[in-house]
Structures are given as C-alpha cells and as structure tokens.
C-alpha cells in the first residue's frame with residue numbers, strides 16, 4: 001500500500017461570525033486522485049486555501065502533515081517550495097503575455113535580472129508537450145481558448161516540480177471534449193506518480209477518475225469513500241444530508257399556443273465580419289412549454305440567445321421574431337424586455353449582477369418602473385417586492401440588504417432569476433441556469449422553472465448538461481455550428497440521440 | 001419535497017423587528033464611514049476654531065468660506081455622478097475657466113446689446129457648458145474612448161481657448177454688479193431686520209461697524225423652515241417604514257441624530273443672520289445638493305447610474321441604455337462646470353486666464369474623500385459635499401493660521417490619502 005503524502009487533522013477555520021471549517025480531516029495517499037466534493041459554501045475552497053498557505057499558519061487550528069513533517073505554511077511560496085500547487089477556479093494568467101511568459105512569471109530563467117528567453121521557451125515547449133498542448137510558446141494567452149488556458153496553468157504547475165496538484169473545479173468552464181482531455185491528463189499524471197486533489201461538482205467526472213472521495217458538508221468531513229464504494233447516489237446523499245430520490249421535479253406539462261417564433265435568424269461575428277455565427281435558425285416555443293437547446297460549447301447557443309435579446313451580440317443580424325403571431329422589434333434590450341422577453345445569462349458575475357450592490361437593488365433593476373411613480377422610486381414597494389422574491393425563490397441571506405457579491409453561486413443565480421421574474425416576461429431564456437451551483441440549489445432552480453411553466457410562461461433552457469435537459473424540458477432542439485441540427489420530444493430523446501444529431505450535423509456543416 | 005440543507009431564515013422582516021437594538025448597532029457600524037466623515041469635518045472645524053482663536057466661526061469668515069468653496073462643491077455634485085458611473089472628468093477646471101472668460105467677453109467686451117444682460121449670459125453659458133459636456137461625453141459613451149483621455153484633451157483645449165479668448169495674459173473686467181451678486185450677494189431681507197442690541201454711535205454721529213447685534217430675519221425664518229421640514233420628512237419616512245415593519249433604527253438614535261443636525265444647522269444660520277444673511281451662492285448650492293440627493297437616492301435615473309458603475313454589462317443587459325446615460329452624466333457635468341465657472345468669475349469680479357486652474361483636482365479629491373470608489377458604482381452626494389467642505393475648511397483655516405501655501409498642499413494631499421486608506425481598511429475589515 002502507498003504511503004500517506006498528506007494528512008490534515010482537525011482543521012478549524014473561523015471567519016468573523018462564521019465557522020467555515022470545523023475539525024475537518026483529510027488524508028491523501030501518494031499517487032492517488034482524491035476528489036473533494038460538497039455543496040457550494042461547504043468549505044472545500046477554504047480547506048484548500050488553508051493547505052496552500054493562502055490562509056497562513058496561525059490563522060486556523062489543527063495540523064497539516066505533509067510527507068511526515070508538520071508544516072506551517074506562511075504563504076503560497078512556502079507550499080509551492082514543497083511541491084504543493086493549487087490551480088484556482090478563476091484562472092490566474094495574464095492575458096496579454098505569452099504562454100512562456102506566463103508559465104515562468106515570477107520564476108524566470110534569468111541571470112542578474114536579464115531573462116534568457118531561449119531557455120524559457122525551450123522549457124515551455126517541453127512542458128506543453130507533457131500536457132498535450134500544441135501551441136507556440138510565444139502565443140498570447142488571450143488568443144487561446146479557456147480549455148487551453150487551463151492546460152497552460154497545469155504546465156505552469158509542472159514547471160514548479162509539482163508533487164501534489166490541487167485543482168479547484170478545473171472543468172467548470174470547459175467543453176465536454178476539453179474536460180475529457182483534462183481528466184485523461186490527470187490519469188497520466190497519476191501514472192507518473194503525481195498526487196492530485198480534485199474539487200468538482202461533476203459527479204460523472206469523479207466516478208471516472210477518482211480513487212477516493214471525501215465529502216464535506218457545512219464545514220465538516222462527512223465521510224471518505226474508497227473507489228469501490230463510489231456511487232452518485234451515495235455521494236449526493238452525503239452531500240445534501242438526505243437522499244435525492246428524484247433529481248428533477250415532476251410536472252404535468254400544460255402546453256398552449258405558440259408564443260415566440262424565430263424565423264431564419266442569422267448573425268455574423270462582431271469582430272470577424274465575414275464569419276457567420278448563426279446560420280438561419282428557426283425555432284418556436286409554446287405557452288407553458290420548456291424547450292431545451294442542446295449542443296457543445298461553441299455551437300452558438302449563447303450567441304443566438306444574446307443576439308435575439310436586443311442584439312446584445314454580433315452584427316448584420318437578420319431574421320424575424322414573432323410574438324403570438326405578430327412581428328416584434330427586438331433591436332434593443334429595452335424593446336425586447338418591453339415585449340416580454342427575458343434572458344438570464346450564463347455568466348451571472350459578468351453579465352447578470354451588480355456585485356457591489358445589495359439583493360434589493362439587483363432584483364428591481366430590470367423593472368424600475370414597476371416600483372416607481374413618475375421616475376421616483378417607492379422605497380417601501382421596492383422592499384416589499386424584494387422580500388417577496390427572496391421568499392419565492394428561497395434566496396438564503398440575512399436580509400435583502402446583503403451584497404450579491406457575498407452570496408454563493410446558487411443564491412446569486414436566484415437573484416438574477418428574481419430580477420427577470422419581476423420584469424414579468426412571457427418568454428424566459430435561461431442560459432446554463434445551473435452552471436457552477438450545487439445539487440440542492442439546482443433542484444430549487446428546476447422547481448422554479450417548472451412553476452413558471454405551469455404559470456404559462458414560455459421557457460427556453462440552454463444547457464450543456466444533457467441529463468438536465470432530458471430531465472426538465474418538453475422538447476429539445478440540438479444546435480451545432482450555428483444551425484439547428486435536430487429537434488425531438490424530450491420523452492423520446494436520449495443522450496445518444498442528441499450526440500448523434502450533433503455528429504451528423506457536423507458532417508453536414510463542413 | 002424540501003431541499004433545505006440548513007436552517008433558512010423565513011424572511012428579513014420579522015427578524016429586523018425582533019432584533020431592533022442589535023440591528024441598530026450594526027447599522028451604526030456599517031454607516032461608520034458616513035458618520036465618521038461628518039465627525040471628521042466637525043473635528044477639523046473645532047480644531048481650526050481653536051487654532052485661529054475663534055476666527056473660523058466668525059460670521060464674516062463663514063460667508064467667505066462658503067463663497068470661496070461653493071464652486072468646488074457645485075462641480076463635485078457632477079463629478080460624483082461621473083465617478084460613480086465609472087469615469088473621470090479632468091476638464092472641469094478648464095471648462096470653468098473658459099466659461100468665465102466667455103461670460104466676461106459677452107458682458108463686457110462684445111457689443112451684444114440686450115444679450116449682455118447677466119441673466120441671459122448666464123443661461124447661454126450653462127447651455128454652452130452642457131454642449132461641451134455632450135461633446136466630450138459623445139466620444140466616451142458612443143466610441144468608448146477612455147474618459148481620462150477625452151477629458152485630458154478637453155482640459156488642454158478649453159484652457160487654451162480660455163486664454164485665447166482673453167487675449168493672452170490679460171484679464172477682462174470689471175463685471176456688472178448684478179452678476180457679481182451670484183457669488184458675493186446675500187439674499188434680500190424681505191421680512192426686515194431685528195435689532196437685538198443697537199449699534200454703538202460714536203461722538204461724530206456715525207455708527208461703529210460691527211457693534212451691536214442685528215438679525216437678518218429672512219435668514220432666521222428660512223433656517224427654521226428648513227429645520228422643521230428636515231425633522232418632518234425624517235419623521236414621515238420613519239413612520240412609513242414603521243407601518244411596513246421595516247424600521248431598524250431605534251427612536252432614540254433618530255431623535256439624537258435629528259437634534260444634533262438641527263442644532264448645528266441653526267447655529268450656522270444664526271451666525272449668518274448676525275452678519276448679512278445667507279449668501280445667494282449658499283442657497284443655490286443648498287438647492288442643488290437637495291436635488292442631487294433626491295436624484296441619486298430616489299429616482300430611477302440615479303439608480304441606473306449606480307448600476308451602470310457597478311457593472312456596465314449587467315446594466316445594459318437589464319435594459320438600461322448605458323450609452324445615453326453616460327452622455328447625460330457628462331452633459332450634467334458640463335452644465336455644473338459652467339455654473340462653477342460663473343461663480344468663480346462672479347467672485348473675482350473679472351475673468352482671468354488662470355480661473356479654475358487645478359480645481360479639477362480639488363473637485364476629484366472632494367469626491368474621493370467623500371467615500372466614492374475609483375472603480376465606480378459607489379459614492380454618496382452627502383459624502384462628496386462633506387469632502388468638499390473638509391477641503392474648504394482646511395484651506396480656510398490654514399490660510400488664517402498663516403500656513404504657507406506650499407505646505408497647505410502637502411496637508412491636503414495627506415488628508416486625501418488618509419481618507420482613502422481609512423476607507424479601504426474599513427472595507428477589508430468588513
């Protein structure tokens with residue numbers, strides 16, 4: 001049996017007013033892939049920050065034993081010197097610097113401050129080969145996709161002679177293909193003897209690569225499962241503290257007349273004017289219906305939705321939008337909102353919320369006339385509205401005066417949803433509504449979607465998680481390379497059918 | 001089926017009511033920045049009152065203080081919106097200088113006939129200011145040129161035009177008395193003055209200036225009306241919150257706050273009344289401050305500016321026309337810069353090439369001392385006003401003390417840095 005490389009004992013970390021971790025234990029063996037799972041806010045990231053020295057020794061209780069020594073990391077430099085490297089959820093690369101410059105940032109091959117670029121680039125090439133990235137070391141970070149950036153981060157970790165690699169939700173923003181490649185890489189590292197800790201929400205990934213799983217809930221270790229005991233049901237039960245018999249709420253669809261119809265919608269890329277991103281899309285949604293749009297990353301789903309929503313993406317937009325049979329003008333966001341269309345973004349932090357303002361102000365932002373008279377805001381009405389939606393969507397916060405920047409992902413998503421519910425749309429476009437949020441909050445979002453449909457809203461859900469689409473929609477469009485390549489009733493759809501439509505569509509497109 | 005994994009507060013309402021005192025303390029702590037700023041202003045005033053042996057609060061000096069600093073505060077109102085929306089305007093000093101020169105040329109040099117009337121000239125100047133703001137805002141809003149660059153260009157351009165208008169280094173004046181009243185005039189005493197102590201008459205039959213005590217009754221009455229209105233509206237807002245069950249601040253705290261503010265206001269009003277009444281420019285400033293507080297706190301356009309500064313993309317995707325809003329913010333800044341320029345010219349009684357030179361920095365400093373964030377989305381009108389007064393009182397106090405102008409700048413710089421450091425420290429602690 002392999003030896004224990006890391007042992008964290010009775011780690012307790014308190015922030016003013018909150019106990020983030022209480023007596024957490026984590027034991028990782030040499031050469032294994034150890035997954036850490038838990039709901040958002042369970043304390044996974046905090047635990048990793050304790051381990052890597054982001055929270056220096058002395059600010060927490062408990063001990064960290066690494067390769068037999070008790071460690072007192074004062075900062076990230078101390079832990080990196082011992083070969084512990086953490087790759088954060090938000091990538092920490094400088095966009096306008098090259099791959100090589102980023103990999104050796106702060107660690108350049110240099111003598112007396114003069115950088116030896118040849119040495120840097122040669123070493124970078126070697127590292128890129130190891131992670132399977134075929135790019136020139138001189139390429140700027142901004143010119144490569146998120147998947148490749150993730151690989152650069154890993155190459156950077158390798159350059160520091162990593163022995164224990166910690167990945168905080170590495171595949172959160174990756175496509176299916178890139179995710180697979182990344183997981184394969186982890187398995188390859190394992191063969192080379194590198195130990196990894198993988199923090200993830202995606203249970204299928206854990207199933208695939210992890211040797212052990214430690215589940216954390218409310219700042220406590222619940223249990224550690226060995227490979228043979230790992231099952232999605234078991235993990236979910238431990239994560240949420242009860243079993244989720246049904247991951248999707250059941251509902252009786254009551255589908256009415258066509259509400260929104262889009263005809264021959266075409267969009268060109270905002271910068272590369274010759275590139276057509278959306279190629280003549282026709283779709284329709286009915287009253288009380290939940291329609292899914294499936295597809296791989298880069299299929300053009302978000303671009304389609306945003307171009308539809310007040311031309312927020314692209315140019316040379318052509319096509320027709322009909323609301324209940326009548327053509328409508330959606331050339332600006334305010335016009336789209338007036339016609340009862342709402343778009344809930346996939347990127348709530350960048351496009352959805354004012355993070356430095358509180359819940360109340362965020363909820364009413366898209367419908368200020370709804371709480372004001374003659375452009376003067378009625379404070380009390382606004383407060384009542386905010387409290388109402390806080391209760392309806394079950395936003396967990398001390399009050400509606402909490403900053404949205406301090407909320408967990410799931411609660412932030414509920415605030416964005418509330419904002420658009422208060423705008424009282426007839427058509428609601430939800431773009432990746434459950435990305436990066438935990439199992440419990442996901443279920444709540446599904447419940448809200450089901451309730452809205454039963455109230456007669458027409459709903460479009462864009463999602464990369466196929467089980468989710470199969471679980472909550474009535475009908476699914478499959479999109480690939482800017483076209484609709486398939487349409488099927490959810491009842492006779494399956495993951496394979498969707499994938500087949502994509503693959504067949506791929507052949508057609510080229 | 002329930003999906004809660006932990007205890008969930010039912011809603012904020014019931015809690016807020018139950019935990020009254022605790023919430024009040026936390027409200028006090030979270031508003032520390034705001035209270036702290038006002039306390040800092042009071043502390044600075046008391047300090048200079050002591051070091052200038054009582055000169056600071058002398059009625060004459062109070063009038064001077066207001067007249068010297070009003071243009072900074074007027075422009076700070078516009079700058080607050082600019083900074084909250086995530087921009088900066090470096091051109092305000094030059095625009096003020098240019099408008100002052102334009103006004104002087106129109107009233108004194110150019111043969112405009114009836115159009116050289118001070119009122120007509122002022123209105124034209126405000127419109128020109130708005131047009132300048134629109135011209136700069138156009139590039140910033142619709143072409144996404146950074147405001148720092150556009151207004152840096154504006155700063156050079158309008159200073160140059162100002163000097164060219166005045167024909168090189170010369171100054172143009174004197175300006176008509178009616179115009180000068182904007183800065184140095186006092187409101188007329190329509191009620192009539194009240195003599196408490198008759199002035200001493202000397203042997204030659206002339207009254208000794210400054211002796212006796214005569215009150216400018218219009219000022220007293222206006223002051224009383226303002227204080228009563230302040231207390232009334234405060235109480236009414238409180239009642240409305242109570243009726244909806246959302247009041248967090250205990251009544252005692254409200255009473256203390258209202259009393260202290262009212263006492264302070266009445267003291268200042270009394271001081272003004274013993275001299276020549278309220279300066280006209282103070283009334284103009286007061287009306288503008290009230291207007292901007294209302295716009296930022298209560299009106300949808302104000303809320304939209306904060307949302308745009310906090311996250312422009314999210315605001316745009318919420319249906320806010322961010323380009324038009326940015327343009328409006330800069331037009332507003334242009335109009336207020338023009339008003340600032342008129343106030344400067346009226347105070348000096350002439351247009352000089354250096355009018356308003358460097359004042360953009362004082363204006364920006366006032367807004368940042370007042371707690372605005374350079375990243376946008378955060379800042380209060382009251383903060384900017386208090387920030388402006390802190391700078392003004394320090395200028396005035398140090399001048400009376402005879403502190404060298406060079407060192408005055410050093411002290412102002414340190415105060416700006418200190419205020420922002422305190423702010424950042426407070427935020428990190430929270």
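The values are calculated or read from the model by the stated rules, or taken from the named source; none is laboratory data. Remember, it's a predicted structure, so these values are computed and weren't measured experimentally. Quick reminder, even Gly has a Cβ in these numbers, built from the backbone with ideal geometry, and neighbours come from all protein chains shown.
Yes/no matrix, rows are residues, columns are (1) in a loop (DSSP other than H, G, I, E, B); (2) within 19 Å of the chain's Cα centre (by Cα):
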{"residue": "B:65", "(1), (2)": "no, yes"}
{"residue": "B:71", "(1), (2)": "no, yes"}
{"residue": "B:122", "(1), (2)": "no, no"}
{"residue": "B:137", "(1), (2)": "no, no"}
{"residue": "B:145", "(1), (2)": "yes, no"}
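Limited to the range A:349-386, what total is found for residues that are closer than 28 Å to residue B:239 by Cβ, within 27 Å of the chain's Cα centre (by Cα) and either free of Cβ contacts under 8 Å to residues at least 40 places away in the same chain or not assigned by TED's automatic domain parsing to the domain that holds residue A:337 (or both)?
2
Run residue A:160 past the list (1) under 20 Å from the mean Cα position of the chain (by Cα); (2) at pLDDT below 85; (3) under 26 Å from residue A:76 (Cα atoms) and report the number of the one that doesn't hold.
With (1) under 20 Å from the mean Cα position of the chain (by Cα); (2) at pLDDT below 85; (3) under 26 Å from residue A:76 (Cα atoms) applied to residue A:160, the lone miss is (1).
Go through the residues of the range A:185-194 one by one and say whether even a single one is at pLDDT below 90 and within 15 Å of residue A:39 (Cα to Cα).
No, every residue in the range A:185-194 fails to be at pLDDT below 90 and within 15 Å of residue A:39 (Cα to Cα).
Which residue, of B:377, B:356, is more than 14 Å from every other protein chain (Cβ to nearest Cβ), assigned to a loop (DSSP other than H, G, I, E, B) and on the phi > 0 side of the Ramachandran plot?
Going through B:377, B:356 in turn, the sole match is B:356.
Among what's in the range B:297-353 and is touching a residue at least 40 places away in the same chain (Cβ under 8 Å) and part of a loop (DSSP other than H, G, I, E, B), pick the residue that is surrounded by the most Cβ atoms within 10 Å (Cβ to Cβ).
B:311
Condition test on residue A:65, is it assigned to a strand (DSSP E or B) and either surrounded by fewer than 20 Cβ atoms within 10 Å (Cβ to Cβ) or not assigned by TED's automatic domain parsing to the domain that holds residue A:168 (or both)? Steps first, please.
On the way: assigned to a strand (DSSP E or B): yes; either surrounded by fewer than 20 Cβ atoms within 10 Å (Cβ to Cβ) or not assigned by TED's automatic domain parsing to the domain that holds residue A:168 (or both): yes.
Against the criterion (assigned to a strand (DSSP E or B) and either surrounded by fewer than 20 Cβ atoms within 10 Å (Cβ to Cβ) or not assigned by TED's automatic domain parsing to the domain that holds residue A:168 (or both)), residue A:65 qualifies.
Please go through the range A:415-433 and give me each residue that is assigned to a loop (DSSP other than H, G, I, E, B) and over 22 Å from residue A:388 (Cα atoms), ordered by number.
A:432
If residue A:390 passes every condition in (1) crowded, with 21+ Cβ neighbours inside 10 Å; (2) away from every other protein chain (no Cβ under 12 Å) but one, which one does it miss?
(2)
Residues are listed down the side, and each one gets a yes or a no for (1) surrounded by fewer than 18 Cβ atoms within 10 Å (Cβ to Cβ); (2) at pLDDT 85 or above; (3) within 14 Å of chain B (Cβ to nearest Cβ):
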{"position": "A:243", "(1), (2), (3)": "yes, no, yes"}
{"position": "A:247", "(1), (2), (3)": "yes, no, yes"}
{"position": "A:280", "(1), (2), (3)": "yes, yes, no"}
{"position": "A:283", "(1), (2), (3)": "no, yes, no"}
{"position": "A:288", "(1), (2), (3)": "no, yes, no"}
{"position": "A:299", "(1), (2), (3)": "no, no, no"}
{"position": "A:311", "(1), (2), (3)": "yes, yes, yes"}
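Do the conditions hold for residue B:204, that is, is it outside any helix (DSSP H, G or I), out of contact with any strand residue (DSSP E or B) (no Cβ under 8 Å at 6 or more places or on another chain), free of Cβ contacts under 8 Å to residues at least 24 places away in the same chain and away from chain A (no Cβ under 14 Å)? Walk me through how you get there before you give the answer.
Details: outside any helix (DSSP H, G or I): yes; out of contact with any strand residue (DSSP E or B) (no Cβ under 8 Å at 6 or more places or on another chain): yes; free of Cβ contacts under 8 Å to residues at least 24 places away in the same chain: yes; away from chain A (no Cβ under 14 Å): yes.
Yes: the conditions hold for residue B:204.
Considering only the range A:60-105, how many residues are within 29 Å of the chain's Cα centre (by Cα) and under 27 Å from residue A:132 (Cβ atoms)?
26
Can you tell me which condition residue A:179 does not meet? The list is (1) free of Cβ contacts under 8 Å to residues at least 40 places away in the same chain; (2) part of a strand (DSSP E or B); (3) in contact with a helix residue (DSSP H, G or I) (Cβ under 8 Å, 6 or more places away or on another chain), and all the others hold.
The one condition residue A:179 does not meet is (2).
Which residues, counting only those in the range A:431-456, are under 25 Å from residue A:175 (Cα atoms) and in contact with a helix residue (DSSP H, G or I) (Cβ under 7 Å, 6 or more places away or on another chain)?
Within the range A:431-456, A:431, A:433, A:434, A:436, A:437, A:438, A:439, A:440, A:441, A:445, A:446, A:449 qualify.
Residues that are within 20 Å of residue A:488 (Cβ to Cβ), out of contact with any helix residue (DSSP H, G or I) (no Cβ under 6 Å at 6 or more places or on another chain) and not assigned by TED's automatic domain parsing to the domain that holds residue A:456, at least 2 per element: which strands (runs of 3 or more DSSP E) completely within the range A:216-305 meet that?
A:258-268, A:276-286
Could you tell me whether any residue of the range A:350-359 is more than 9 Å from every other protein chain (Cβ to nearest Cβ) and either on the phi < 0 side of the Ramachandran plot or in a loop (DSSP other than H, G, I, E, B) (or both)?
yes
For the range A:403-414, give me each residue that is under 11 Å from residue A:355 (Cα atoms) and part of a helix (DSSP H, G or I).
Residues satisfying the conditions are A:404, A:405, A:406, A:412.
Considering every residue within the range B:69-85, establish whether at least one is more than 14 Å from every other protein chain (Cβ to nearest Cβ), over 30 Å from residue B:242 (Cβ atoms), surrounded by fewer than 22 Cβ atoms within 10 Å (Cβ to Cβ) and at pLDDT 85 or above.
no
Residue by residue, here is whether (1) outside the structural domain of residue A:427 (by TED's automatic domain parsing); (2) modelled with pLDDT under 90 holds:
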| residue | (1), (2) |
| --- | --- |
| A:318 | yes, no |
| A:323 | yes, no |
| A:339 | no, no |
| A:346 | no, yes |
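Would you pick out the residues in the range A:360-373 that are more than 7 Å from every other protein chain (Cβ to nearest Cβ) and not in a helix (DSSP H, G or I)?
Across the range A:360-373, the qualifying residue is only A:373.
Please determine whether any residue of the range A:396-405 is in contact (Cβ under 8 Å) with a residue 24 or more places away in the chain, within 21 Å of the chain's Cα centre (by Cα) and either facing chain B (nearest Cβ under 9 Å) or surrounded by fewer than 24 Cβ atoms within 10 Å (Cβ to Cβ) (or both).
yes
A quick yes/no check of all residues on (1) assigned to a helix (DSSP H, G or I); (2) at pLDDT 90 or above; (3) more than 14 Å from chain B (Cβ to nearest Cβ):
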position: A:441; (1), (2), (3): yes, no, no
position: A:444; (1), (2), (3): yes, no, no
position: A:456; (1), (2), (3): no, yes, yes
position: A:460; (1), (2), (3): no, yes, yes
position: A:467; (1), (2), (3): yes, no, yes
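Go through A:91, A:105, A:47 for me and flag whichever is crowded, with 20+ Cβ neighbours inside 10 Å and either assigned to a loop (DSSP other than H, G, I, E, B) or assigned by TED's automatic domain parsing to the domain that holds residue A:185 (or both).
Within the list A:91, A:105, A:47, the selection yields A:47.
Please indicate, with yes or no, whether at least one residue in the range A:334-341 is under 20 Å from residue B:321 (Cβ atoms) and more than 14 Å from chain B (Cβ to nearest Cβ).
No, the range A:334-341 has no match at all.
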